Each structure stands twice: as structure tokens, then as C-alpha cells.
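A.B. asks: A single structure is presented below for examination.
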Amino acid sequence: MSLAQLESILLWASAVMAVVVILTIVIYYWYSRKTRNNYLENHEIELRYFIQKQVDFRGETTGYECLLRQHNWDDSWTLPQKLDSLPLQRVIFLLTDTFKSLPEEPITLSINLEFDQITSPDFRYFVRWALSRIAPMKLAVEYTAGTNQPRHKRRLFRRRIREARAYGMRFGIDNVGASLNNLKSIEWILPEVDTLKCSMRSFRKADPNEWLDLNLQFWNRLSQRNHIELVLMGIEDERDQQLADQLKINTRQGYLFDRPMNPQERSRHG
């Protein structure tokens, strides 16, 4: 074998080894990402939707919010991690039992979904299924905006929301806060928004001198300008209630009115 032939063989061997290494890295990354993202597909993790009512300024029930909870070893129920790993097929399975505990009234049922769930091909089916199962209740899908939204999927996200609103669904942004980043993260989707939800927890100051970029009055005015309904969450006492009265915020939610309740316990208590 000549020196030139040996060099050629070694070159080809090096190229093959490089391809194998690259493929190994790509497969490992894909598998680890898939495993991480599918965390809540594990049916050994017990999940359930709790419900919490929303009221108007008269205290009359205007709707319910479904809040996902995970059952822990100490028998407590807490907000699970990696919400975006919950496939819509399992959301449907979990909501089937939850819907049985809800009243047959023309009020609103709110369900929180993640960015990837809304851009999923299953989202259209989910919306049509939910609308058909909860009638005469109305469906509102809510989304908590974050800084890690994939910009290349924004057009798809807006298309999904427009299609769902055409079916009769309402779309809301959950938990907007006191930071300018909260505004920047939702400006692109504002034309499709029906409701904005603010939590009192985001606007309570531990120090009177603490600076808030945005206050409740800002969100109140923005909502009025854009013909969006503002919902005030986290109302815990009469002072919070009085602030909602002062700002003329009609829809309210918080421990003052109702705590999130396991629907099975709610059924037992009538």
C-alpha cells in the first residue's frame, strides 16, 4: 500500500468518525430534550384540575378558572413543573371529570395553556371539544406570556388564536405584572386579546419607596383603550376589593371569594 493510499484511507476514516460523533450528539440532544419535555406525560404523576370561581362587583359568580395541580407524597396539591410538557390529549382526559362538577350556566370557564400547547396541531380539536362539552358555558383560553417565546412561531400562534376565536373561544393573557417586560412580551398579540388578568400580588409593595414600572391604573387604561376586559386576581381582603371598586374593575378573583377547590370535594360538599 502506497503512502498516498494510506493517507486517503485515514482521511475517510476520520470523516466517518466525525459523522458518527455528530450523529451521536444530535441523537442524544434530541432524546434528552424529548424526555425532558414529556415530563407530564408520565401517568404515574397524579394530576387534577382544581377550580376557583370569579365574581363581579356584586359578588355574583361570573365564571370558573381551572388550575392544574400535582398530587404530592404528603397529600398536598401544588402547581406542577414543566407545564409545557403536558400534551393536550392528557388535558382533555383530566378535564373530562372536571367538567362534570361544573354548573350548566352561561358563564365563563377559563383554562390556562402554554405556548407549545396552543401552537400544537391538536389545539383546534381541543377548542372544539371543550366548547361542545361545556355548553352553555363559554370557553376562555389563557396564556402566561414569557420572555422565551420562539419568535418564529408567533405567526402560527396568532393564527391558532384567530381560528379559535372564530369558533367562539375567548383569549386572555394571564398574570401581567408591574415590569415593562410584561408589556413588551404581549404587545405583538394584543389585537387578539379579549381579557387581561392582573394579580394584586404583583403590585403590593414591601417598601413604599419601591418603584414599579407599571401600576394597575396603567393596565386599566390600556384595557379600556383596546376594548379588553380587565380581571383583578389575588383579592384577599376588603382593601383589595375597594381598589377594584375604585378602578371600576368588574371581574374579580381571589381568596376573599373562593379558594381553589378539588372538584371531587366540591361535589361532595354540594
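The values are calculated or read from the model by the stated rules, or taken from the named source; none is laboratory data. From a predicted model like this one, the values you see are computed outputs, not experimental measurements. Every residue, glycine among them, receives a Cβ derived from its backbone with ideal geometry; neighbour counts consider all protein chains shown.
A.B. asks: What pairs come up if the first residue lies in segment 65-94 and is more than 15 Å from GLU142 (Cβ to Cβ) and in contact (Cβ under 8 Å) with a residue 40 or more places away in the chain, the second is in a strand (DSSP E or B) and aromatic (Phe, Trp, Tyr), and their beta carbons are under 6 Å apart, counting only those six or more places apart or on different chains?
C.D. replies: Close Cβ pairs (under 6 Å, with a partner that is in a strand (DSSP E or B) and aromatic (Phe, Trp, Tyr)) amount to ARG69/PHE50; ARG69/TRP77; LEU94/TYR49.
Yes/no per residue for (1) under 23 Å from GLU46 (Cβ atoms); (2) touching a strand residue (DSSP E or B) at 6+ places or on another chain (Cβ under 7 Å); (3) among the β-branched types (Val, Ile, Thr):
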{"position": "ASP75", "(1), (2), (3)": "yes, no, no"}
{"position": "LEU95", "(1), (2), (3)": "yes, yes, no"}
{"position": "PHE99", "(1), (2), (3)": "yes, no, no"}
{"position": "ASP116", "(1), (2), (3)": "yes, no, no"}
{"position": "SER132", "(1), (2), (3)": "no, no, no"}
{"position": "VAL141", "(1), (2), (3)": "no, yes, yes"}
{"position": "PHE157", "(1), (2), (3)": "no, no, no"}
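A.B. asks: I would also like to ask the following. Can you pull out every residue in segment 68-89 that is crowded, with 16+ Cβ neighbours inside 10 Å and in a loop (DSSP other than H, G, I, E, B)?
C.D. replies: Scanning segment 68-89 gives PRO80, LEU86, PRO87.
A.B. asks: Related question: Taking the criterion of being loosely packed, with under 15 Cβ neighbours inside 10 Å, within 13 Å of the chain's Cα centre (by Cα) and assigned by TED's automatic domain parsing to the domain that holds ASN250, would at least one residue in segment 97-107 satisfy it?
C.D. replies: no
A.B. asks: Another question about this same structure. Would you point out the residue of segment 193-223, among those that are outside any loop (DSSP other than H, G, I, E, B) and under 16 Å from the mean Cα position of the chain (by Cα), that is nearest to ALA140 (Cα to Cα)?
C.D. replies: THR195
A.B. asks: Now for a separate question. Scanning for something of a type in the set (D, E, K, R), exposed (fewer than 12 other Cβ atoms within 10 Å of the Cβ), more than 21 Å from LYS248 (Cβ to Cβ) and in the same structural domain as THR108 (by TED's automatic domain parsing), does segment 153-169 turn up at least one residue?
C.D. replies: yes
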